[in-house]
Structures are given as C-alpha cells and as structure tokens.
Amino acid sequence: MTDKSDAPADAEVRAADAEKKAAENMDIAVRIQADFDNYKKRAQRENEEIRRYASESMVSEMLGIVDDLERALSHAPKDSDLAIGVNAVLQNLMRLLASKGLTEISADGKFDPSVHEALCAEPGENDGDIIEVFQKGYRIGDRVLRYAKVKVTRKQTEEGERKCQES
C-alpha cells in the first residue's frame, strides 16, 4: 500500500520539474527569437550592401560617359547647337548620378592623398597646392569611387622626381 503522505511531495516534485522544463523551454524560445531577429537584421544589411554595390558599380561605369561628354564640350564651340545639346545631356546625367549619391571631389586648394592622386609635381612656392586637374574625382557618400588625378606643386625638386610631360 502507498502512503498518502507521499502524494503531496510527489506532486510538488512533478510541479517543480514542470516549472523547470517550462523555464528551459522559455529560455530556448527567447534565444530562437533573438537569433531570428539577428538573422533579419543581417539579411537586411546584406541586401542594402548588395544594392549599394550594384549602384556604385553602375555609377562608376557611367563616369566614363561623363568624361566623354565633358571632352566633347571642351572641343565644341561654346554657343553651338551641338554644345548646347551635349551640355543638356550631361546635366541630366549628372542629376541622375547625384540622385544615386554621387558628388564631385573638390580639387581646389591643397592636395589630400585620401581623395587625390598626384600624377606629377612642379616646382612652386608652396608644397602640395593643386595647380591642374587631369581627371575629376567622385565619391558616393564617404566612399571614394574615383580619385581626382591632379598636378601639385613642390617647394624643391628632389632627385628622381617624376616631372609632368607636356603634350
């Protein structure tokens, strides 16, 4: 025969086991929810990065077209119908690229190696002044898409320094 005094103790043990199991299941559910939230955030960041990379790649490829249109404008008579039409196309293209985050890198003033590429140097009064821009530079946000190619001044000529070739 079983003792009736064991029944409440047995029920308490089963209740404690059930509470422990419920707490374990709740802990597992909380971890799974946190993992899922982290997955959603990571997937969203990756999708944004893919879109940004695709946009940057497309904009980068279009910079060659911008260069070609600017070269065409530099050789066309200023008030000709051709120059007016090419300038309109260039302005439309630049508005489109600006809507994708493209901005021109300033090449006025001092040389900054984080955004400029010095192709050559010429003697001058100050060190590092930009005196000519060979190719404009562009960035999207904080990221440099293409460095500005420039000619800079140097206070004194060093042995073996690369000089600009006039053409």
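Take the conditions modelled with pLDDT under 95 and in a helix (DSSP H, G or I) and apply them to Ala34. Does it pass? So Ala34 does not fit the description; no. Filtered by the rule that a residue be surrounded by 13 or more Cβ atoms within 10 Å (Cβ to Cβ) and either over 29 Å from Gln135 (Cβ atoms) or among the hydrophobic types (A, V, I, L, M, F, W, C) (or both), segment 34-75 gives Val59, Met62, Leu63, Ile65, Val66, Leu69, Ala72, Leu73.
Per-residue answers, yes or no, for (1) outside the structural domain of Phe134 (by TED's automatic domain parsing); (2) part of a helix (DSSP H, G or I):
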site	(1), (2)
Ala22	yes, yes
Val30	yes, yes
Gly64	yes, yes
Pro77	yes, no
Ala118	no, no
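Scanning segment 42-56 for residues that are assigned to a helix (DSSP H, G or I), closer than 25 Å to Ile105 by Cα, in contact with a Lys or Arg (Cβ under 8 Å, 6 or more places away or on another chain) and modelled with pLDDT under 95 turns up at least one hit.
The values are calculated or read from the model by the stated rules, or taken from the named source; none is laboratory data. Here the structure is a predicted model, which is why all the values come from computation and not from measurement. Note that each Cβ is placed from the backbone with ideal geometry, even for glycine, and that neighbours are counted across all protein chains shown.
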